[in-house]
Amino acid sequence: MNTATPSTAPRMHWGLLLAASATLMITMGARQTTGLFVAPIHQETGIGIAAISFALAIGQFTWGAVQPVFGAVADKRGSTGVLVLGAVLLSLGLALTPHLTSPWGLMFTLGVLTAAGAGAGSFSILIGATAQQLAPEKRSFAAGFINAGGSLGQFVFAPLVQAVIAFAGWASAMYTLAVASLLAIPLAFPLRKKTVATTGATTATAIGDISLKQQIAIALRDRSYWMLHLGFFTCGVHIAFLVTHLPGEVALCGLPASVSAVALMLIGLFNVAGSLIAGALGQRVRMKWILAVMYASRAVMIALYLVSPPTPLTFYIFAAALGFTWLATVPPTAGLVGKLFGPRYLGTLFGLTLLSHQIGGFFGAWLGGLALERFGDYTWMWYADMVLALIAAAANLPIRESSPKAVPAAA
């Protein structure tokens, strides 16, 4: 039994959180602005929207697929090497994209290199590395704080990328992102410390010295873990569809590309608040209720958007409302994984959950492009998005979760 008291429990390491948050700001800022490149690449190279969407869909899957792998490496060997490798791969993929302008080239650069690099510096590795050094009751807030960094990256990068595209072309914007990605390398070193905090699991199966293989087997037999996967899968469809095709939806409404950039910026800005609030609420409210409400609210937002006039103000309000829940699902999802199984293998277990998210992301990005070429608009994707949001909300209700007040006592 762990006998840690409040005086001996790991404290909130603000330097650690700031480094992790800044790293995610860079990797997510580069990744969440790829939708701004779809139209310029299509116009300059003649590659079809569906082909570009498929390359980005592969990137969605790759980003998720590498996270449990990199998470396992980080859980065993520490996160510094993983984060440095990720920054190099991300920068290399972005720099090569203007030189490999064919469908296969885009699949290699945006679908594999860039996505793998961003995945190595993403949620599972960063949240896993910090959770091991924090007390159980502080992990939800920490996850929200780190996640807010990714949203801030979207807020900062979207208008800058659009401005560079407008004044110097999409290739210059890619080079700018490639250089910015290298700034994540020095941020990896504050995260090199690896102190495992063994408190925080609410089940006996998560406590004790067990191997990674045993922990994965335990998680895969847990229905609550699969319900988290289902909810996060539908979330991935939603996020990838929007981040890839929102600029296309704006163009279909006859509005300038600047509206897309502002909308993406607003999503990032409001998600900073949403992430911090979700992280803070996770310390007081059952996290499954937070997730259910956020998912259900998306169906309502999309319905309101579809009956509203296609004006810039409509897109800005829609973006702000969506932004509040955008990736604010990450802190409670990661918090639930840690609550069910403890922090020891959080990087791996949450990485597997993110893989489900990105399998959904693959379909969201790809099917959006197919829908546009087949029907001429995204109407059927919006309808599917509403149904999936309601499924995600329902999937979280049966998850077994103790009251937040029970966590310190169980620890």
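The values are calculated or read from the model by the stated rules, or taken from the named source; none is laboratory data. Note that the structure is a prediction, hence the values are computed from the model and not measured. Every residue, glycine as well, gets a Cβ built from its backbone with ideal geometry; the counts of neighbours run over all protein chains shown. To get the accessible areas, we keep the full protein, side chains included, count just its heavy atoms, and leave off ligands, DNA and RNA. Shrake-Rupley method; radii C 1.70, N 1.55, O 1.52, S 1.80 Å.
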Please determine, by comparing only the residues of the stretch 295-304 that are in contact (Cβ under 8 Å) with a residue 24 or more places away in the chain and open to solvent by 20 Å² or more (accessible area, probe 1.4 Å), which one is farthest from Leu340 (Cα to Cα). Ala303
Within the stretch 395-408, identify whether any single residue is in a helix (DSSP H, G or I) and surrounded by fewer than 17 Cβ atoms within 10 Å (Cβ to Cβ), and answer yes or no. yes
Flag for Ile277 being in a helix (DSSP H, G or I), in contact (Cβ under 8 Å) with a residue 60 or more places away in the chain, open to solvent by 30 Å² or more (accessible area, probe 1.4 Å) and among the β-branched types (Val, Ile, Thr): yes
For Gly46, the lone unmet condition from (1) on the phi < 0 side of the Ramachandran plot; (2) surrounded by fewer than 24 Cβ atoms within 10 Å (Cβ to Cβ); (3) more than 18 Å from the chain's Cα centre (by Cα) is (1)
Out of everything in the stretch 280-294 that is within 18 Å of Trp326 (Cβ to Cβ) and surrounded by fewer than 18 Cβ atoms within 10 Å (Cβ to Cβ), what residue ends up being modelled with the lowest pLDDT? Ala280
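Go through the stretch 97-121 and give me each residue that's hydrophobic (A, V, I, L, M, F, W, C) and either closer than 22 Å to Gln67 by Cβ or open to solvent by less than 10 Å² (accessible area, probe 1.4 Å) (or both).
So in the stretch 97-121, the residues hydrophobic (A, V, I, L, M, F, W, C) come out as 100, 104, 106-108, 110, 112-113, 115-116, 118, 120.
Of everything in the stretch 97-121, those that are hydrophobic (A, V, I, L, M, F, W, C) and either closer than 22 Å to Gln67 by Cβ or open to solvent by less than 10 Å² (accessible area, probe 1.4 Å) (or both) turn out to be Leu106, Met107, Phe108, Leu110, Val112, Leu113, Ala115, Ala116, Ala118, Ala120.
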Collect the residues in the stretch 184-224 that are aliphatic (A, V, I, L, M), modelled with pLDDT of 80 or more and open to solvent by less than 60 Å² (accessible area, probe 1.4 Å), keeping them in residue-number order. Ala184, Ile185, Leu187, Ala188, Ile216, Ala217, Ile218, Ala219
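Looking at Leu24, Leu56, which is the one that is of a type outside the set (Gly, Ala, Ser), modelled with pLDDT of 85 or more, under 16 Å from the mean Cα position of the chain (by Cα) and open to solvent by 10 Å² or more (accessible area, probe 1.4 Å)?
Details: Leu24 fails: open to solvent by 10 Å² or more (accessible area, probe 1.4 Å).
Only one candidate qualifies: Leu56.
So which of Ser172, Ser124, Ser91, Ser140 ends up being surrounded by 24 or more Cβ atoms within 10 Å (Cβ to Cβ) and modelled with pLDDT of 90 or more? Steps first, answer last, please.
On the way: Ser172 fails: surrounded by 24 or more Cβ atoms within 10 Å (Cβ to Cβ); Ser124 fails: modelled with pLDDT of 90 or more; Ser140 fails: modelled with pLDDT of 90 or more.
Result of the check over Ser172, Ser124, Ser91, Ser140: Ser91.
Quick check on Phe324: is it farther than 21 Å from Leu390 by Cα and not polar (S, T, N, Q)?
Working: farther than 21 Å from Leu390 by Cα: no; not polar (S, T, N, Q): yes.
Answer is no for this residue.
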